[in-house]
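The values are calculated or read from the model by the stated rules, or taken from the named source; none is laboratory data. Treat the numbers as computed from the prediction; the structure is a model and nothing was measured. Counting neighbours? That spans all protein chains shown, and the Cβs are built from the backbone with ideal geometry, glycine included.
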There are 2 protein chains.
Amino acid sequence: MAEEVKLFKTWSSTFGLRVVWALKLKGIPYEAIDEDLSNKSALLLQYNPVHKKIPVLVHNGNPISESLVILEYIDETWKQNPILPQDPLHRARERFWAKFNDEKLLPSVWGAFTKEGKDREEAMAATMENLKFVEEELKGKKFFSGEKIGLVDLVFGWLANLISIFEEVTGFNIVGEGYPLLSAWMQEFSELPVIKDTWPPRDKMIIKYQALYDKYHPAK
Amino acid sequence: MAEEVKLFKTWSSTFGLRVVWALKLKGIPYEAIDEDLSNKSALLLQYNPVHKKIPVLVHNGNPISESLVILEYIDETWKQNPILPQDPLHRARERFWAKFNDEKLLPSVWGAFTKEGKDREEAMAATMENLKFVEEELKGKKFFSGEKIGLVDLVFGWLANLISIFEEVTGFNIVGEGYPLLSAWMQEFSELPVIKDTWPPRDKMIIKYQALYDKYHPAK
């Protein structure tokens, strides 16, 4: 059967990027459709009426939404280069950290970027505590998933790019010297053949995040 | 191998209950450990240092946290009475609605229960919109997962119990006449042999939620 694979994403979203990486890892050709979130396409709204968000993967006409759900779908549909291991306990561990990223780590970093005063201090403290768990997970391993990248690496992948952009825009030191394993992983991950050409242009990202930062922290 | 299965939960938590249902569905004997969340056990903190929350399933000494992760682990470990279907697209659909419950539906109902004034109105409006999606999902089906209950039924299961408790405590009409398929499902689900003896005592639940309600809405 001729496969038709389309991916609705944006040029900058980390949630879209993890799906791009999974498709590249599997060697699946796809058509990328970059959405403008200020003017969402009728197709996006039709494919994801509940969340009205990217990414949406459309495989032979069937839409799948929610990036973690999409990653599992990709892994179950195309078996080469597994994203998840076989053992149920290891699968559970990967899913646990993927959820941790989306529900704890990413929101804490976002809070440190967008909030002010005491709220920002709390978000920064939460970020540091969350990153300690991340650092701990890397002990004795090359990648989060072991010798090869897997679900947790794809989901934590945004750190390899956005942390340094946040640091440049805010002037804060987030990862710094305190997380040597994570720092090494960020370097290693971002230069993998399957990853290195996928990063959105850094100059455009700096402009985007500087504008967001200015919006959340208007000059008093 | 002699299996050792322990479940850390509370007497009332919906997140613990969905794991109880999954274990019962699979016919897996387990030891239940009811935690007091105001005085968490050292074992719970050891098994789930990241979230410090129930439920935690401990299988032959290996702890697994996060209820959705536990449900997938149970389904992958014990194959009888599948919780998820085989087809990747159907699996993605079930995972999508499970996430929707935890990230949209449950928070909106909780907001309607705990918030006041305009915030409450917004949470109630979000609840109604979310329940419309739920109602739509039931069209042409006996259970959310089809002819038999599956992941989505286990995850939406709290509705069959807590909605009527919220209605009794708040005096609000949440499901009422507007969601006939959901109302029928709530009845059917709550009386299934595997489910019906698992509900926490209603009188204790009313007392618990009345106290919570009074805390969030102190007399002015």
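For segment A:74-83, what are the residues that are touching a Leu at 6+ places or on another chain (Cβ under 7 Å) and at the interface with another protein chain (Cβ under 10 Å from one of its Cβ atoms)?
As a first pass, look at segment A:74-83 and keep what is touching a Leu at 6+ places or on another chain (Cβ under 7 Å): A:74-75, A:81, A:83.
Of everything in segment A:74-83, those that are touching a Leu at 6+ places or on another chain (Cβ under 7 Å) and at the interface with another protein chain (Cβ under 10 Å from one of its Cβ atoms) turn out to be A:I74, A:D75.
Going by the structure shown, is A:N161 in the same structural domain as A:M205 (by TED's automatic domain parsing), under 14 Å from the mean Cα position of the chain (by Cα), in a helix (DSSP H, G or I) and in contact (Cβ under 8 Å) with a residue 24 or more places away in the chain?
Values: in the same structural domain as A:M205 (by TED's automatic domain parsing): yes; under 14 Å from the mean Cα position of the chain (by Cα): yes; in a helix (DSSP H, G or I): yes; in contact (Cβ under 8 Å) with a residue 24 or more places away in the chain: yes.
So A:N161 passes the test.
The set of residues in segment B:164-220 being under 18 Å from the mean Cα position of the chain (by Cα) and loosely packed, with under 12 Cβ neighbours inside 10 Å consists of B:Q187, B:E191, B:P193, B:K196, B:D197, B:P201, B:K204. For A:I54, the criteria (1) away from every other protein chain (no Cβ under 13 Å); (2) touching a Lys or Arg at 6+ places or on another chain (Cβ under 7 Å); (3) farther than 24 Å from B:E136 by Cβ hold in every case but one, which is (3). The set of residues from segment A:168-207 being of a type in the set (A, V, I, L, M, F, W, C), assigned to a loop (DSSP other than H, G, I, E, B) and at pLDDT 95 or above comprises A:L192, A:W199. Screening A:A125 against (1) over 19 Å from the mean Cα position of the chain (by Cα); (2) within 14 Å of another protein chain (Cβ to nearest Cβ) leaves a single unmet condition, (2). Residues that are among the acidic types (D, E) and without any contact (Cβ under 8 Å) to a residue 24 or more places away in the chain do occur in segment A:179-197, at least one of them.
When the strands (runs of 3 or more DSSP E) confined to segment B:1-84 are screened for residues that are exposed (fewer than 15 other Cβ atoms within 10 Å of the Cβ), those reaching at least 1 such residues are found at B:31-34, B:62-65. The residue of segment A:92-122 that is farthest from the other protein chains (Cβ to nearest Cβ), among those that are of a type in the set (A, V, I, L, M) and over 17 Å from B:L71 (Cα atoms), is A:A112. Screening B:L151, B:L138 for residues that are in contact (Cβ under 8 Å) with a residue 40 or more places away in the chain, more than 22 Å from B:A125 (Cα to Cα) and among the aliphatic types (A, V, I, L, M) leaves exactly one candidate, B:L151.
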